[in-house]
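Sharing a structure below in structure tokens format, with a few things to ask.
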Amino acid sequence: MSHSINQVLAFDFGMSRIGVATGQSITNTASPLSPIAARDGAPDWGIIASLIAEWSPDALVIGIPLNFDGTISDMAHRARKFANRLNERFKIPCFLMDERLSTAEAKEIHFAAGGSNNFKEESVDGIAAQLILESWFNCDIRIPSHTPLEKAYDLKRT
């Protein structure tokens with residue numbers, strides 16, 4: 001891990017909500033934040049600017065929702081596009097992280113804490129972003145957001 005990366009924000013991209021978590025590399029831990037509403041995947045960029053001003057991240061991590069077999073999903077392309085827009089707008093290094101099963105694990109954590117299955121009222125998106133970030137902290141591979149997904153992930157292609 002580069003010593004220049006300490007504070008990190010992570011995003012769990014979605015079409016109607018984007019989960020957010022903050023964490024730091026010293027302890028490799030993260031905490032969920034409130035999700036950001038999105039319209040067809042487009043967030044309120046002002047809210048993201050406020051989060052960046054508040055947390056002063058050295059890097060941003062965006063979860064990439066691959067298919068279970070490791071192939072690239074349509075949502076993975078959308079998440080990478082979101083990552084590149086973050087990078088262009090805020091000039092902060094952005095990295096991609098495989099997020100398969102993060103939402104399922106987030107729901108398990110939510111239920112174990114006594115949460116209901118009303119995910120519109122009790123979002124698990126921040127927990128998913130937390131899991132994505134903690135996975136990234138514990139991974140030695142750093143994939144910059146400008147890396148083509150086919151080069152980074154799709155090993156099944158012929």
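Please go through region 1-49 and pick out each residue that is over 19 Å from D125 (Cα atoms) and among the hydroxyl-bearing types (S, T, Y).
S2, S4, S25, T27
What number of residues in region 38-66 are in contact with a helix residue (DSSP H, G or I) (Cβ under 8 Å, 6 or more places away or on another chain) and hydrophobic (A, V, I, L, M, F, W, C)?
Within region 38-66, residues that are in contact with a helix residue (DSSP H, G or I) (Cβ under 8 Å, 6 or more places away or on another chain) and hydrophobic (A, V, I, L, M, F, W, C) number 9.
Being among the acidic types (D, E) and either over 22 Å from P32 (Cα atoms) or modelled with pLDDT under 80 (or both) is the filter here; which residues of region 117-158 pass it?
Step one: filter region 117-158 for residues among the acidic types (D, E), giving 121-122, 125, 134, 140, 150, 154.
Scanning region 117-158 gives E121, E122, D140, E150, D154.
If F82 passes every condition in (1) surrounded by 17 or more Cβ atoms within 10 Å (Cβ to Cβ); (2) out of contact with any helix residue (DSSP H, G or I) (no Cβ under 8 Å at 6 or more places or on another chain); (3) at pLDDT below 80 but one, which one does it miss?
Status for F82: all satisfied but (3).
Is region 88-110 home to any residue that is hydroxyl-bearing (S, T, Y), modelled with pLDDT under 95, out of contact with any His (no Cβ under 6 Å at 6 or more places or on another chain) and within 17 Å of R17 (Cβ to Cβ)? Break it down stepwise before answering.
Of all residues in region 88-110, those hydroxyl-bearing (S, T, Y) come to 102-103.
If we keep only those that are modelled with pLDDT under 95 as well, we get 102-103.
Add one more test, that the residue is out of contact with any His (no Cβ under 6 Å at 6 or more places or on another chain), and what stays is 102-103.
Going one step further and asking which of them are within 17 Å of R17 (Cβ to Cβ), we end up with 102-103.
Yes, there is a match, as at least one residue in region 88-110 is hydroxyl-bearing (S, T, Y), modelled with pLDDT under 95, out of contact with any His (no Cβ under 6 Å at 6 or more places or on another chain) and within 17 Å of R17 (Cβ to Cβ).
So, in region 125-154, how many residues would count as being charged (D, E, K, R) and either loosely packed, with under 15 Cβ neighbours inside 10 Å or without any contact (Cβ under 8 Å) to a residue 12 or more places away in the chain (or both)?
Applying the first criterion (charged (D, E, K, R)) to region 125-154 yields 125, 134, 140, 142, 150-151, 154.
Keeping just the survivors that are either loosely packed, with under 15 Cβ neighbours inside 10 Å or without any contact (Cβ under 8 Å) to a residue 12 or more places away in the chain (or both) gives 140, 150-151.
Counting residues in region 125-154 that are charged (D, E, K, R) and either loosely packed, with under 15 Cβ neighbours inside 10 Å or without any contact (Cβ under 8 Å) to a residue 12 or more places away in the chain (or both) gives 3.
The values are calculated or read from the model by the stated rules, or taken from the named source; none is laboratory data. Source: prediction; values computed, not measured. Quick reminder, even Gly has a Cβ in these numbers, built from the backbone with ideal geometry, and neighbours come from all protein chains shown.
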